[in-house]
Every structure is written in structure tokens, then in C-alpha cells.
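The block underneath contains the structure these notes are about, expressed in C-alpha cells.
Derivation of every value follows stated rules applied to the coordinates shown; laboratory data play no part. Bear in mind the structure is a predicted one, so any value in this text is a computation, not a measurement. Cβ sites come from the backbone with ideal geometry, for glycine too, and all protein chains shown count toward neighbours.
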Amino acid sequence: MTSELLSLTAAQAAERTRAGDLDPRELWDLYRERAGADDLGAYLWLPDDAPEMDASGPLGGVPLAVKDLFCVEDVPSTSGSRILEGYRPPYTATSVRKLVDAGAPMLGKTNMDEFAMGSSNENSGYGPVKNPWDESRVPGGSSGGSAAAVAAGLAPWAIGTDTGGSIRQPAALCGIVGLKPTYGAVSRYGMIAFASSLDQCGPLTRDVTDAALLFGQMTGRDPCDSTSLDYPADPRLPSAERLDGLRFGVPKELLDTEGIEPGVRAVFDTTVKRIEELGATVEEIALPHSGHGLAAYYVLAPAEASANLARYDGVRFGIRAEAPDLLSMYEETRAQGFGDEVKRRIMLGTYALSSGYYDAYYGQAQKVRTKIADDFRAAFERVDLIVTPTSPTTAFPLGARTGDPLAMYLSDVLAVPMSLAGIPAISIPGGLADGLPVGVQLAGPAFSEFEICDAAYALERAIGFGDLPWK
Amino acid sequence: MEVASARQYEPVIGLEIHVQLATDTKMFCGCELSFGLDPNTRTCPVCLGHPGVLPVPNRRAIEFGLMIGLALGCEIAPRSIFHRKNYFYPDNPKAFQISQYDVPLCSGGELAGVRVHRAHLEEDAAKLVHAGESGRIHGAEASVVDFNRAGTPLVEIVTEPDIHSAAEAAEWARLLRETLRALGVSDVNMDEGSLRVDGNVSIRPAGEATLGVKTELKNMNSFRFLERGLDAEIARQEGILREGGQVEQETLHFDNRTGALSSLRSKEEAHDYRYFPEPDLVPIAPTEAMIEMARAAIPELPLARAERFERDHDLPADSARLLAFRGEQGDFFEAALAVSPSDPRTLANYVVNDVPPGSAATPEAVAKLVDLIGAGTVSRGAAKEVLEVLAAEGGDPEQIVADRGLGAAGGDELGAIVDQAIAENAGAVEKIREGKDQAIGAIVGAVMRQTKGRADGGEVQKLIRERIGA
């Protein structure tokens, strides 16, 4: 019974609970117990008591793992940082509230790279997360805890956030589905900000149907988020079996990126063949400026972060270092509370915004960002969707890149351009390379999430990737 | 060769005015605006800068900003942008202030000959209260923060350096305050900090076009202190230049108890605010309809009121401006004028000079007094005495005249006094008859002395001429 329950996708489980065939409490108990026995480091907090269970909502009472970056009232919310140790927000993030209201009770808070800065989850202030496919390897990041929890069957589904790949890359490395929505599709209110113009939250799930189901309950304009928008389509679940008539583009510049592993390349090439077999056309397209995406990203995101993280000063919440005067209190609190990568990015960002350097760095990076968005816009006049590998590599060993920030940053080289353009993209498992999952990324124009899910669904069925490490 | 000590210097002053808007709620959250309430009772996660919160602009504040811009003759930007101004300080919960930088809501206006460089929207900081002797953060034993004020909507108005004396600066600031008061966008109370005026001051040898090094003066919380502070700084800069020194660019704190200026920070300590566009907000793009609504909401402003007083009531320009630029007195004048429209000049003169704001006199009483003068019941001289009583104690002018015997001297009483004065000033009578008309003054003066000013000067002259046949 237990393994049968565990093998249900979230959508399947919700269907049963909504039909009255399954008591959502049973699901809760199963996952709460598994989460409690987590030895991957995926969770940072779990509730002691079961919440009120209600299967009547569209999400059927199926419990949800929530990245620790989301503020939840009275629940520890640290964004993976020691500086917010003990912080319990006085309010709940809009996206979490909407999902709970739609019937997905919060199962726990998941581990992450500190303030979402990282691609391996090794930058967490509370220890790394292990990849359930190979516990000597990283799960990716920054939503590493959410990805590992879903892949290991420690949660039916999860939400994470993606600033420059933080949903898609860990989904790829853990062999699950991760959807980064259009910027503005989902409210950011209550997401502890990393880079405000890029941050978006989205689902990490076992399959595309689950992603579409969860995403459909997250969208909408929020009066608390001026950058959020009414979603222009009604939620729907994917059903496409073929890709007839669709045009796919393979961006030459991204595929020429150095460091794409042969195993990743092989899975990608097979996927492209499958796309054609399903009736779509595939052509090479140009995204001429996408090669500069990572450089622009590593100016813009740290710049915004340097301001977003300035509020952690020890005055009002989180830890406070004892010091003889105000300035030393600020300095000591931040020195003790922030990890190395966060400090590195605060320094990068502060520098990029400094008087005399602003135009050369921040200003220039904004121009590149505009060019990249223009590239995508032009590409989508020729093709419906763009396909790439999600990450150049499979999951790498713990510790392999901690001493080399640039190598770490390259993990997101294929994911960052979509973030800069604000467009949606999904990562689905394309197959295995040396026993490790490889993700394939599908990107579409703004607000094309349900079309992307349709295509991803057809492709998912053709790929037949049913593997999860605990099965 | 000219020596420095003999040189004449010309002050060049620009003002920066922070106006707290009288909206119901804060600039970027739904917290109620308050003054003088228990500390930290009007706060929420947004204005406390909690992790994960986002700002949402206050529509009313934008409308008020538009009204201010239009009233000052500014251009309204089609898409103005909020920036983050980064600095660490405990009064600044996010460690950045949301303000406007390179594209302000309003730019390029003018008020009474002083050009307005820009007017932009921003949010106020929290209030710090420092325990200890100094009253400032330096040397404080402890500091506490009241976040009730954090996030209050502000409009910052920046003038061009078009002002050339401290008195002119104070007078212009008064006009601006009255303009804002008339707009109904702010409480404009300098004591409570809803209107805060900083001055940028430099001096240069008279006649030169290049600007000298400027200093910024803060903490002048009344118009009187603004004038005193600017005068003190002008004098300080003159002193430095006359001794051959150089003014240093710095920000100065004016101590309104001692009148002393002390340095808050020098140029070297100046902040690098690392401005960049606030990614959590979209540009403000006011529609034509919004701009038209704001324009329609603008009432008669003090400058227009002064022109109207001058034109419709034949007031001298000076009194028209004095009345219009001090809104309360303008209102008093108009209320009195509604009761007694016959002699606006006399009325204006009394309102400007004799019944200061807050006096016990009512507009009706002052109007009635003007009527009594018009009817010849009270002389202008005696009226001054009635005004003193009105200002100090209030009351009814007729009653005051009756109680104090201030009624105009006339009839047999005045005739007898005139006769006596003629008899006692035979020399003057002779001179008048010789054609030295001004000699009549001596006889009039004698009558006025005798009547203690209760007689009408014109009436007295007429009586004298009748009697001596001149």
C-alpha cells in the first residue's frame, strides 16, 4: 500500500482524494514520516502537527514542500542563511497562501543555497543536500532541497524559486520536472528577495502534469506585487500526444557553449530526434547575444542583491552581533551571518553600482539584457519553442566546484538567458548519462506556460523517463 | 587692486524642501499616517522592511505629486521612475530609500521668480530618538527607533539657486508653504516636520557669474530659523573668504538653540548612494485623465490670490501679497470684506498691521469698525485704539467706542475746541491768511491733542477754514 501510494503522482493522488477514494491524512502521514527520516539534508523544518486536511480544493490536500525562501507566518524562514536564524515572519507569501488555500498543505521548508545564491546547494548556511541518485553528488541549486525531496519521494511536489536557473538546474540534476514561469506570472510577495527583477517561483514535480496543475494555482495579479500581472489564460492540464505543426529552435550559440558534457549532448540529440518523430520541425536559430548572458547576469543579480540584502543589519530581526557601536554591530552581524558566496556577490554588486562604475557595469549589463530579450523575441517569430539542454553537466561531486566560483556559475549558462528575458522555461528529464539524469529545457514566449507544458507532456510520454531513485 | 576685505559678496541660495503628504496611508503600504501616536503602532512588514516584502505605490500620493508639480508649473514626466538610494542607518529599515533620481515626476517649474528644478516622490525615514545630552546619534547613550513615520509619502522640491538673501529665502519658503496649504496636500507644519527646508548656500563676489563652493544647511525648523541659519552661514562663508580661506563643501547642522553651525559630514564623507532603478516598481505613467483631474483639483493659489486682491480690491501690491502669502490673514481679510466691502484698503491695512493671526478680533468686528469710520462715527486715530482692544480682548467695536468714550468729536463740542485752538494760535491764522497754507497744521494739531485723536482731520480743517474765512 505504502509503495503504491508513494508511486502516485501528485495529480493522481489529488484525483483520488477529491473523489473520496483516498484520505489525504494518509498521504500526509506517509510523506511526513518520510520527510522526518530525511537523510539527504533536504528539509530545514518540519511541522510537529498535521494541518487541517481538506481534499475539496483543486490540489486535493496533497502536501507541498516549500523552499525556505518563502515567508510563512510563524514558521522559521531563513532563506538558507544563518543571518535569519530564528526569524519567524509575521506574514505568509502570496504564492504559498494561494497553494495552501487551493488545498496543498505545507509539508515542510526545504534546504537551499543561502539567499538562492548557488548551483549546488553547498552554499546553504545549514549544510549541503545530497543528490538521491548518488549521495556523493550535489542536487543542484539553489532549490536543491525541493528537488532532492521530490526526487527521493520525500515530498509529492514542491515549490522553489528561479533567478538564473535555480528551479530548472536542480530539477535537471535530480531527474524531475521544474518550471520557471514568466516574470510577473506569479506574485513575488513573501519571497525573500535575491534579485528582484529576475526572481520567480515555480513548481518542482515528478511530471509535467503535476507542474501544470500546481502552476495553474499560483498565477495571478497580486495587489501586494506591482510587477505581477493577470495571467492571460485559464489553467489547464496538458494532453498533447504529438507535436505536429510545432516549430522548435535550437540556438546555435548556446549549443556551442564550451563544457557541455558528451553524455548530456547525446541525451539532447536523442531528444531532438524524438521531437521530430512527434511531428515537429527543428531548426537552428540564432540568439546572438545569449553568450553574454552569464556575464550580464553576474552584474545585475549581485547588484540587486547588494541592495536586497542590506536590510540584514541586526537591528530588527535575525541574529545580532554584540559590538560597542552601531557600525561595528552592522559589520560583525553581517560578517558572522553571511556565507562566503553571499559576501562575494554583495561585494560584486556594490562595486557594479558604485559611482564611476555604474555605466560600465550595471548600465552595460542592462543593455545586454535588452538585447537578449530582443533576440528571443525575434526567434519566436520563427519558432514556437526553443530547446536546449538545461545544464551542461550532470550532477557533479560534492566539493568539486566549491573552490571555483566561475565553474559553479557555468552550471547555469544555458538557463540564465531565459531568466534575463523574463520568459518561461521548463526542464524535463531527457534520459540518463552514466546513470545520472540529464535535463532538457523547453522555453517559450511570455505567458506560454501551458503551451510549453503541452509540448513537454508529449515529449515526456515519448521519452518514457519513469525512473526515480527510490523506485 | 581690490582687497578681499572690501569686496562685496552676493549670496546664492537654493532650497530643498521635503513635504510630507497628507494622504491617509503611507507611500508603499497600507499603514495609516500618524503624528504623535504611541511609537511603532502604525507599522507592517512592508514599512518595517521585513524579508520578502514589496512596495506598492500610493495612488493618492501620486495625485498629490501631480498637483504640486502642476501648481509649480512643472512638466510632468510621461514615465517617471523610482530608484533605490542605498545607505545604512537605523532609521532606514530596508537600508535603501525608495526615491526618484534621473527621471522625477515633475521638473522645470517656477514660483514667484524662483525656478523649480524638480519635484519628486519618495518615502520618509523612521524617527530616531537619542537618549543622552547631545540629542544626536553621536554621543548618544542609546537610540530608539519609531517606525510610525517610516514610509510616509514625501515630495521633495528642489529649486534652482535663484535666491540671493536669507530674508528672500524665508519669504519664498512662506509662499511655497501657503501654496502647498492651499493645495491641501500637506499639513505644512514645520514644528512637526511635515515641511522641512534645507538650504544650499554659496557666496561669490558681487557681479561674478561663477558659483562658489556650496554648503548644505539642515535642521531649520521654522522660517525664522531658516533665515537666521542662512544668515549665519553667509556670514561664516564671508568670514572665511575675507581671511583668504576657502569654503569647504560640507553638510551643516543648525542648532536653533545656540544659533551655531556644526559639520555633519564633509565631502570626503559624502555617501555613494549607488542609485539604481527600483526593480520592484513599474514606472509611473500618469494618464491624461489623471493629469486633468489633478489640474482641476488645484484651487486658487496665493500668487493668483495676490493678483486678485490687487486687481479687484485696489490693494497696493505689498499688502495684497502679504495677505495672500499668509493664508490665514487672507482668509480673515476676505471674511471681513464680505461684511464690509466699502473700504478694502483700510481693511487690508488693519488686517496686515493690527490684528495678527491668533488675536482675539473677529473679521466681523474689524469690518464693523471700518464701517464706523466710514460713517464718521469713529475717527481713524481713535480706530487704532479700538483695534488694540479688539486684538487683545475681542468684543464689539461699537461697545468699545461707547465704553471708552472714543466716539468722534463733532458738533458743538468740536466747534468750541476749534474756536479755542484758533484763538490760541493767532500767528498761524495770520500765516494762513498770507497764503502759507501749511500753517493750518499747527491748529489741527492742537485740536487733535485736545480731542485725543477722536476728531476727523478733514472735518477739523474744514471747520478752521470756515471760521477764519480762508
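Sorting B:79-88, B:421-430 by their mean Cβ neighbour count within 10 Å, with the most densely packed peptide first, gives B:79-88, B:421-430.
Using the Cα centre of region B:4-295 as the reference point, and only Cβ charges (+1 on K/R, -1 on D/E), how large is the resulting charge dipole? Debye, rounded to the nearest 20.
So the dipole magnitude of region B:4-295 works out to roughly 200 debye.
Counting Cβ atoms of other protein chains within 10 Å of each Cβ in B:278-284 and taking the mean gives 5. From Cα pairs below 8 angstrom and at least 6 apart in sequence, can you work out the relative contact order of region A:291-365, rounded to a whole percent? Reported as a whole number, the value is 43 percent.
Give the average, rounded to an integer, of partner chain Cβ atoms located within 10 angstrom of each Cβ in B:84-90.
Mean inter-chain Cβ contacts per residue within 10 Å come to 5.
In order along region B:454-466, phi translates into HN-Hα couplings of 7, 8, 8, x, x, 4, 4, 4, 4, 4, 4, 4, 4 Hz, rounded to whole numbers, per the Karplus curve 6.51 cos²θ - 1.76 cosθ + 1.60 with θ = phi - 60° and x for Gly and Pro. Here the dipole of region B:411-468 is about 180 debye; that uses its Cα centre as origin and unit charges on the Cβ of Lys and Arg (positive) and Asp and Glu (negative).
Check which residues have an amide H placed less than 5 Å from B:R204's amide H, if you skip close sequence neighbours. Under 5 Å from the amide H of B:R204 lie the amide H atoms of B:E10, B:V12, each far enough along the sequence or on another chain.
Dipole of chain A computed with +1 at Lys/Arg Cβ and -1 at Asp/Glu Cβ about the Cα centre; of A:S448, A:A211, A:P105, farthest Cα towards the positive end is A:S448.
Sorted ascending by nearby beta carbons within 10 Å, beginning with the fewest, A:C174, B:C106, A:C201, B:C29 become B:C29, B:C106, A:C201, A:C174. The protection proxy used here, the mean number of other Cβ atoms lying within 10 Å of each residue, ranks peptides B:183-194, B:35-46 as follows, highest first: B:183-194, B:35-46. Computed from backbone phi, the HN-Hα couplings of region A:348-356 come to 4, x, 4, 5, 5, 9, 5, 3, x Hz, rounded to whole numbers (Karplus: 6.51 cos²θ - 1.76 cosθ + 1.60, θ = phi - 60°; Gly and Pro given as x). Backbone phi angles across region B:355-369, fed through the Karplus curve with coefficients 6.51, -1.76 and 1.60 (θ = phi - 60°), yield HN-Hα couplings of 10, x, x, x, 6, 7, 6, 9, x, 4, 5, 5, 4, 4, 4 Hz in residue order; Gly and Pro are listed as x.
Within the protein assembly as shown, A:C71, A:C174, A:C201, A:C224, A:C453, B:C29, B:C31, B:C44, B:C47 have no other Cys Cβ under 4.7 Å of their Cβ and so lack a disulfide-compatible partner by this rule.
Ranked by the mean number of other Cβ atoms within 10 Å of their residues, highest first, the peptides A:430-443, B:9-22 fall in the order A:430-443, B:9-22. Exceedance of the 24 Å cut-off in Cα-Cα distance is limited, within the set A:K130/A:K252; A:K371/B:K94; B:K368/B:K452; A:K109/A:K130, to A:K130/A:K252; A:K371/B:K94. Take every pair of alpha-carbon atoms less than 8 Å apart whose residues are at least six positions apart; their mean separation over the length of chain A yields a relative contact order of 18 percent. Selection among A:G356, A:A335, A:Y298 by position relative to the dipole of region A:291-365 gives A:Y298 as farthest towards the positive end (Cβ unit charges, Cα centre). Rounded to the nearest 0.05, the FRET efficiency derived from the C-beta distance between B:S266 and B:R174 at R0 = 30 Å is 0.40.
Counting only DSSP H runs of at least 4 residues, each contributing -39500 (n - 2.57), and dividing by the residue count of chain B, the helix-based mean residue ellipticity at 222 nm comes to -12000 deg cm²/dmol. Amide H contacts of B:R265 (H built 1.01 Å from N, in plane; Pro and chain starts excluded): B:T251 sit under 5 Å, all sequence-distant by 5 or more or on other chains. At what distance in angstrom do the alpha carbon centres of region B:150-193 and region A:278-301 lie from each other? Rounded to whole Å, the Cα centres lie 52 Å apart. Across the options B:Q246, B:F332, A:L27, the greatest Cα extent toward the positive end of the charge dipole of the protein assembly as shown (unit charges at beta carbon of Lys, Arg, Asp, Glu) belongs to B:Q246. Placing +1 on the Cβ of every Lys and Arg and -1 on the Cβ of every Asp and Glu, with nothing else charged, gives the protein assembly as shown a dipole about its Cα centre of roughly 660 debye. Counting Lys and Arg as +1 and Asp and Glu as -1 over every other residue whose Cβ lies under 12 Å from the Cβ of A:G435, the net charge comes to -2. Amide hydrogen proximity for B:M27: with H placed 1.01 Å from N in the peptide plane, the residues at 5 or more positions away or on another chain lying under 5 Å are B:T152.
Can you bin the protein assembly as shown into rounded, prolate or oblate? Criterion: square roots of the alpha carbon gyration tensor eigenvalues sorted a ≥ b ≥ c, rounded for a/c under 1.5, prolate for a/b above b/c, oblate for the rest. Here the protein assembly as shown falls in the prolate category. Averaged over the residues of A:213-224, the number of partner chain Cβ atoms lying within 10 Å of the residue Cβ comes to 1.
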